[in-house]
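**Student:** Have a look at the structure that comes next, please.
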Amino acid sequence: MSFDYDMSYEMFVERLNTAGVFAETVVEQNAMEELFEHIQLQQVKVSKKGNRLLQEYATVKVYLLAKIAGDELCLFEHDRFNLRDGSQNDVMCPLQVRLRTGETWQEAARRGLETMVGLQPEWQEKYLSYDESSYICLHDDTDADSAHPLDILTSALTHEVHCRVKSANSHCHYLTR
């Protein structure tokens, strides 16, 4: 069973139904749409494991640290707004982005800093440094009693790393502009 990133949503639903996965409630429909979106963005691989589906993906969490008024502070996403339905969810986590097929965690981290924070690659290269000693990688598999709305097993790999804004002395000209 394969789920190509360029397949239509109707074909995707048909393949899920063939595998015994149906979306009957609003929560299940939303989960199905989210899974489809991640497949389209090449951020998840879906395969068959026994009689269930397994989604495999990797994320990178970047703890963006900066010394502000003498204290080292970390940028956290506080809330996330859904512009479609007007809902708001508390997030309270560092920058987190899923890796795309063939992408390294470093590339995903840079993409996340650009798309979520607005830091251009040139600026990142000049003013940010990754603390490789802080890097950790965690693997998490859901068990058979999964809470996923579509009853899909999940295998997630999470890369975590600290990224610091270089000292003010090395880029005072930027801060005074």
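**Student:** Give me, ordered by chain and number, the residues 5 or more places off residue 134 or on other chains with an amide H under 5 Å from its own placed amide H.
**Tutor:** Correct list: 162.
**Student:** Of the GluC sites (Glu not before Pro) in the range 1-94, which ones lie in a loop per DSSP and count no more than 15 other C-beta atoms within 10 Å?
**Tutor:** 24
**Student:** For an R0 of 45 angstrom, estimate the FRET efficiency from the Cβ-Cβ distance between residue 81 and residue 51 and round to the nearest 0.05.
**Tutor:** After rounding to 0.05, the efficiency reads 0.75.
**Student:** Tell me which of 157, 118, 137 sits at the most positive position along the dipole axis of the range 114-158, charges placed on C-beta atoms (Lys, Arg +1; Asp, Glu -1).
**Tutor:** The one lying farthest along the dipole's positive direction is 118.
**Student:** Over the range 45-175, how many percent of alpha carbon pairs lie in each 10 Å bin up to the one with the longest distance?
**Tutor:** Whole-percent P(r) values from 0 Å outward: 11, 33, 33, 17, 6, 1, 0.
**Student:** What is the magnitude of the charge dipole of the range 45-175 about its Cα centre, with +1 placed on the Cβ of each Lys and Arg, -1 on the Cβ of each Asp and Glu, and no other charges, expressed in debye to the nearest 20? Write down the numbers at each step before the final one.
**Tutor:** Working: 15 positive and 20 negative charges, 80 e Å.
For this selection, approximately 380 debye.
**Student:** Residues with amide H under 5 Å of residue 64's amide H, sequence separation 5 or more or different chain, H placed in the peptide plane at 1.01 Å from N; which?
**Tutor:** 75, 95, 163
**Student:** With n ≥ 4 as the cut-off for DSSP H runs, can you work out [θ] at 222 nm for the chain, using -39500 (n - 2.57) per run divided by the number of residues, rounded to the nearest 500?
**Tutor:** When only DSSP H runs of four or more count, the value is -7000 deg cm²/dmol.
**Student:** Expressed in nm to one decimal, what extension gain is obtained for the pair residue 40 and residue 6 from 0.36 nm per residue of sequence separation less their Cα-Cα distance?
**Tutor:** 11.6 nm
**Student:** Taking the inverse of the average 1/r across all pairs of different Cα atoms in the range 6-96, what Kirkwood radius in Å do you get?
**Tutor:** When all Cα pairs of the range 6-96 are included, the Kirkwood radius is 16.1 Å.
**Student:** Could I ask something else about it? In nanometres, what is the gap between the two model label sites at residue 74 and residue 167, each 7 Å from Cα along Cα-to-Cβ?
**Tutor:** 2.4
**Student:** If you don't mind, another one. Kindly count the pairs of lysines across the chain whose alpha carbons are less than 30 Å apart, treating pairs on different chains or eight or more residues apart as eligible.
**Tutor:** Close lysine pairs under the 30 Å cut-off: 8.
**Student:** What helices does the chain have that are whole DSSP H segments, at least 20 Å long along their own axis by Cα, and with mean Kyte-Doolittle hydropathy of -0.5 or more?
**Tutor:** 26-40
**Student:** Separate question: Can you list the trypsin sites (Lys or Arg not before Pro) in the range 19-125 that are in a DSSP coil and have 13 or fewer other beta carbons within 10 angstrom?
**Tutor:** Answer by residue number: 84.
Taken together, the values in this text are just the output of simple stated rules run on the coordinates, not laboratory data. All values derive from a computational prediction rather than experimental measurement. Positions of Cβ are generated from backbone atoms using ideal geometry, with glycine treated the same way; all protein chains shown enter the neighbour counts.
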